[in-house]
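Following: one structure in structure tokens, then a few remarks.
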Amino acid sequence: LLRIPFYEIRYLDVRLNYVTIHGKRDHTVKRTLSEFEALLDERFFRAGRGLIVNLAQISRVTKSDVFLSDGTVLPLPRGAYEPLNRAIIART
């Protein structure tokens with residue numbers, strides 16, 4: 001069992017049946033992304049089938065990419081741009 005504070009989580013992504021939590025350190029566990037989505041609050045946004053991103057970590061969004069404050073660039077699935085922008089605006 002490992003506790004990770006929400007503010008440390010930058011994003012979560014899925015590969016096969018494993019979810020990787022990207023924070024100060026990366027942790028990979030065998031759970032579904034939906035299970036994590038149920039545990040997270042409004043500070044997080046599910047962008048497609050394989051990505052949950054911390055809204056506080058986003059520095060810029062384009063139609064195809066999400067840029068995080070640490071320099072990480074994540075591909076944005078088609079159709080996720082508008083809902084992500086609305087979530088960012090609603091949070092501010």
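Annotations for the structure displayed:
- Cα-based helix-to-principal-axis angle, 81-91 vs the chain, degrees rounded to 10: 80 degrees
- Close amide H contacts of GLY23 (hydrogens built in the peptide plane, cut-off under 5 Å, sequence separation of 5 or more or a different chain): ARG10.
- Each stretch of four or more DSSP H residues adds -39500 (n - 2.57); spread over every residue of the chain, this sum gives -5500 deg cm²/dmol at 222 nm.
- Accessible area of the chain belonging to carbon and sulfur atoms, whole % at 1.4 Å probe: 52 percent
- Radius 14 Å from Cβ of PRO5, net charge of other residues (Lys, Arg +1; Asp, Glu -1): +3
- In terms of its Cα atoms, the chain spans 35, 25, 24 Å along the principal axes, sorted from long to short.
The values are calculated or read from the model by the stated rules, or taken from the named source; none is laboratory data. Only a predicted model underlies this, so the values are computations on that prediction, with no experimental measurement involved. Don't worry about glycine lacking a Cβ; one is built from the backbone with ideal geometry, like all the others, and counts go over all protein chains shown. Just so you know, the surface numbers come from the protein's heavy atoms only, side chains and all, with ligands and any DNA or RNA stripped out. Shrake-Rupley method; radii C 1.70, N 1.55, O 1.52, S 1.80 Å.
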